[in-house]
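Novice: What follows is a structure written as structure tokens; I'll ask about it next.
The values are calculated or read from the model by the stated rules, or taken from the named source; none is laboratory data. Since we're looking at a predicted model, the values are computed, not measured. Here the Cβ is made from the backbone with ideal geometry for all residues, glycine too, and neighbour counts use every protein chain on show.
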Amino acid sequence: MDSIGRCQKHARLADELLVRALRASDAAHRELAWFFGPAACDIEPPSNYDLIVQQATYGGGRGRRGARTSEGGVEARADALHTARIIHERLRGVPRRQVAVLQTLYTPVEWPQAVQELCGWLTPLVCELSRTQRNFEKAEREGTTFAVDRAEWLEEWTERHGPSAALAALEQAHGLAARALAAYEAVRGSGPSVAPDDEGGN
């Protein structure tokens, strides 16, 4: 098998790892994506600027429509806070290291497109691995990279050596993700999602 064929084989295996790592229940996925993503914005009261815009839009906030909008916002924030407390309580039953893995996986971050295409959902974990950090620092010491961070270095590295270069890191990230998700699933059980954007939740 030539080098291109080997790279294609490794890429297919990487895709299979990504699929297996995504086997969290839809309910758990929704909860974690909300909790580590938009939860803070859903809970935080509107700024003075937001209130001014609302008052200008709905006639000073004293009319019926403005009042309903204001009351609805308070109720929505109260619901979001209640939901966040439920998820936080569940996460307290998960080992801290695995909570850190879940936070890394679900916190929205922009990544280089090439790395995102290769590592998919596991991109944050691959970039945070100690092996990635060590290799990046080694490349910096040896003057073999112009990258400014681990994500850029990983993009540079895979462009030079092909997708097989990231296979070991993907396998390690898959194991971390699978264990963390299993721990959260064990704590939350099989009930419906409580995430606000879930029609079956709050």
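Novice: Under 8 Å by Cβ, and 6 or more places apart or on different chains, what pairs join a residue from the stretch 89-103 that is assigned to a helix (DSSP H, G or I) with one that is of a type in the set (Phe, Trp, Tyr)?
Specialist: ARG90/TYR184; LEU91/PHE35; LEU91/TYR184; GLN98/TYR184; LEU102/PHE36; LEU102/TYR184; GLN103/PHE36
Novice: Please go through the stretch 108-128 and give me each residue that is outside any helix (DSSP H, G or I) and either modelled with pLDDT of 90 or more or among the acidic types (Asp, Glu) (or both), ordered by number.
Specialist: In the first step, residues of the stretch 108-128 are kept if they are outside any helix (DSSP H, G or I); the result is 108-112.
If the condition is that a residue be outside any helix (DSSP H, G or I) and either modelled with pLDDT of 90 or more or among the acidic types (Asp, Glu) (or both), then GLU110 is the only one that fits.
Okay, residues lined up against (1) within 30 Å of ALA40 (Cα to Cα); (2) in contact with a Leu (Cβ under 7 Å, 6 or more places away or on another chain):
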residue	(1), (2)
GLN103	yes, no
CYS119	yes, yes
LEU122	yes, yes
VAL126	yes, yes
THR145	no, no
GLU156	no, no
ALA168	no, no
ALA186	yes, no
SER190	yes, no
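Novice: When you look at ALA177, is it surrounded by 17 or more Cβ atoms within 10 Å (Cβ to Cβ) and without any contact (Cβ under 8 Å) to a residue 12 or more places away in the chain, yes or no?
Specialist: So ALA177 fails the test.
Novice: Please find, within the stretch 135-166, the residue that is nearest to the chain's Cα centre (by Cα) out of those that are modelled with pLDDT of 90 or more and among the basic types (Lys, Arg).
Specialist: Checked the stretch 135-166; the qualifying residue nearest to the chain's Cα centre (by Cα) is LYS138.
Novice: For GLN133, work out the one condition from (1) out of contact with any Pro (no Cβ under 7 Å at 6 or more places or on another chain); (2) without any contact (Cβ under 8 Å) to a residue 24 or more places away in the chain; (3) under 25 Å from PRO38 (Cα atoms) it doesn't fulfil.
Specialist: (3)
Novice: For the stretch 74-107, which residues satisfy the criterion of being among the polar types (S, T, N, Q) and at pLDDT below 85?
Specialist: None; the set is empty.
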